[in-house]
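Novice: Just dropping this structure here.
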Amino acid sequence: MKRSSFQRLAATTALSALVSACPLWSQAAAAGVQEFDPQAFPGQVVDDVVVPVPSEVFSVLDKLGEPNWRQEIRSVDLPKSADRIKLALMFGLVVAEGFVAVQAEDKEAVKDIGREVIDLSTALGLIKSVRPHAQAILDAADKGDWSNIRKEFDQTQKTVRDSMEQMKDTDLSQCVSMGGWLRGTASVTSVVTKNFSADRAELLNQPMLVEHFIASIDKMAADKKDHPTVSDIAKGLKGILEKMEGAVDGFTKDAVREIGKTCDSLLSGIQVTK
Amino acid sequence: MHLSARLTRRAALLTAASLLALTPLSHATIDDAHTFAMEAASPFVQQGFIVREDYWNGEVKSGQKLMVRHQMFKGNEYAFWLGTAQEDVSFELKVLDETGKEIALDYKSSQMYCSIRVNPPKTGTYSVVFSVTSKKEKGVYWALAYGYR
């Protein structure tokens, strides 16, 4: 049946209306490739980013094999410092180390980390809100209650970040997240390098998180942004982002090793006091 | 004169007391939204999901579409729980991949919350799109939490 001009016009109008009502896909349709553009979302984009805890990635690595998590635990002996930026970064690092110790089901390591959490939160002036969680970690370690320890580490980190944000110190809160992400990612690269596969390496495809950290540093107050450790982290993250964006056909073992090396070097910088 | 002043003072006190009584309720509503999101999470916890302590929340115009960008890892199963503090609402909750394709499974809703499950086909960034539409209120409180297993 031959379509009338009116029908053609109506169909064209309807299609145009549909495309203009869906700007997320309009540009993509013109290019012939359907790509989602979150920037063109016709609503409100929530800026807050929830950074995954290391155990989210670790649980996938467990499903893909049986990593030797005990081999991944690093001794925690952090230097004393009055530098709040370093303390916040160290706090994130220590909590992430806690997730490694939980994965390894190592009671003594968890207890050591629990004590380190107490020391760092005391130095940060946040012991009052952290102590119940730290105590719960120590109690649960005695019982080998791993799921509860995991929950308490997550709560501890949230409590510290919330307290920092209540004190209008969002920059410090971001440092906690960054320290944790760097330590978690260093563990992932270590496990993946030891037993390389494309599926394991794909876990490093996290450009949005790295962009989020770079943007967070960029928004920091000058005294924090120019802190030597933070400025090193910004440089290191840019290098990591390049590696992630360059892994169009997947990560090579070398790229994984390079990301791990960068994380390790930044973590060393966090743990050094002048 | 004195009586009138006393009455005015009493009225002012009553108004202040009513406002004070209302204030904690309005403060409680975002927490209530999270409580309902956690209620939605409860059956998932029994199925082995680990609930994250961090979550998104806020107050928004009824029906306003919101989006959060979230990192997910292939190999994990995720669940998202959207809760609100308002009654008589309808929900929208979906997860889109980088091509804009919906990938969520098992949408379920109740009076105060809804949930979906996701098995991400790839490790990467996904968009969680949602809205809460109230039949009575202009603004709604919401909380979006997630868990994984």
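Novice: Could we say that residue A:102 is more than 25 Å from residue A:221 (Cβ to Cβ) and either in a helix (DSSP H, G or I) or touching a residue at least 12 places away in the same chain (Cβ under 8 Å) (or both) here?
Specialist: Spelling it out, residue A:102 is indeed more than 25 Å from residue A:221 (Cβ to Cβ) and either in a helix (DSSP H, G or I) or touching a residue at least 12 places away in the same chain (Cβ under 8 Å) (or both).
Novice: Taking residue B:31 as meeting all but one of (1) touching a strand residue (DSSP E or B) at 6+ places or on another chain (Cβ under 9 Å); (2) modelled with pLDDT of 95 or more; (3) open to solvent by 40 Å² or more (accessible area, probe 1.4 Å), write down the number of the exception.
Specialist: Here residue B:31 meets the rest and fails (2).
Novice: Go through the stretch A:241-260 and report how many residues are under 23 Å from residue A:47 (Cβ atoms) and either among the aromatic types (Phe, Trp, Tyr) or without any contact (Cβ under 8 Å) to a residue 40 or more places away in the chain (or both).
Specialist: Adding up the residues that qualify gives 2.
Novice: Filter the stretch A:34-57 for residues that are more than 10 Å from every other protein chain (Cβ to nearest Cβ) and closer than 21 Å to residue A:179 by Cα and give the result.
Specialist: Within the stretch A:34-57, A:54 is the sole residue that qualifies.
Novice: Which one of A:78, A:89 is at pLDDT below 95, of a type in the set (A, V, I, L, M) and in the same structural domain as residue A:137 (by TED's automatic domain parsing)?
Specialist: Among A:78, A:89, only A:78 is at pLDDT below 95, of a type in the set (A, V, I, L, M) and in the same structural domain as residue A:137 (by TED's automatic domain parsing).
Novice: Need pairs with beta-carbon distance below 8 Å; first residue more than 14 Å from chain A (Cβ to nearest Cβ) and within the stretch B:112-125, second of a type in the set (Phe, Trp, Tyr) and open to solvent by 10 Å² or more (accessible area, probe 1.4 Å); sequence gap 6+ or separate chains.
Specialist: Here the result reads B:112/B:36; B:113/B:36; B:113/B:91; B:114/B:91; B:114/B:107; B:115/B:44; B:115/B:107; B:116/B:107, each pair linking the stretch B:112-125 to a residue that is of a type in the set (Phe, Trp, Tyr) and open to solvent by 10 Å² or more (accessible area, probe 1.4 Å).
Novice: Scan the stretch A:73-92 residue by residue and report those that are touching a residue at least 60 places away in the same chain (Cβ under 8 Å) and open to solvent by 10 Å² or more (accessible area, probe 1.4 Å).
Specialist: Answer for the stretch A:73-92, where residues must be touching a residue at least 60 places away in the same chain (Cβ under 8 Å) and open to solvent by 10 Å² or more (accessible area, probe 1.4 Å): A:78, A:79, A:80, A:81, A:83, A:84, A:85, A:86.
Novice: For residues in the stretch A:141-180 being touching a residue at least 60 places away in the same chain (Cβ under 8 Å) and at the interface with chain B (Cβ under 10 Å from one of its Cβ atoms), which is nearest to residue A:130 (Cα to Cα)?
Specialist: A:156
Novice: Let me ask something else. Which residues, taken from the stretch B:68-99, are touching a helix residue (DSSP H, G or I) at 6+ places or on another chain (Cβ under 6 Å) and at positive phi?
Specialist: B:75
Novice: Take the residues of the stretch B:53-63 that are crowded, with 19+ Cβ neighbours inside 10 Å and assigned to a loop (DSSP other than H, G, I, E, B): which is nearest to the other protein chains (Cβ to nearest Cβ)?
Specialist: B:54
Novice: Give me the strands (runs of 3 or more DSSP E) completely within the stretch B:64-104, filtered to those with at least 1 residues that are at pLDDT 95 or above, within 19 Å of residue A:39 (Cα to Cα) and more than 11 Å from every other protein chain (Cβ to nearest Cβ), ordered by residue number.
Specialist: B:89-96
Novice: Here's a follow-up. Going residue by residue through the stretch A:110-131, is there one that turns out to be more than 17 Å from residue B:51 (Cβ to Cβ), within 14 Å of chain B (Cβ to nearest Cβ) and out of contact with any Ser or Thr (no Cβ under 6 Å at 6 or more places or on another chain)?
Specialist: No: zero hits.
Novice: Right, another one. Which of the following residues is assigned to a helix (DSSP H, G or I) and surrounded by fewer than 24 Cβ atoms within 10 Å (Cβ to Cβ): A:159, A:185?
Specialist: Result of the check over A:159, A:185: A:159.
The values are calculated or read from the model by the stated rules, or taken from the named source; none is laboratory data. Since the structure is predicted, the reported quantities are computational estimates derived from the model, not experimental observations. Don't worry about glycine lacking a Cβ; one is built from the backbone with ideal geometry, like all the others, and counts go over all protein chains shown. To get the accessible areas, we keep the full protein, side chains included, count just its heavy atoms, and leave off ligands, DNA and RNA. Shrake-Rupley method; radii C 1.70, N 1.55, O 1.52, S 1.80 Å.
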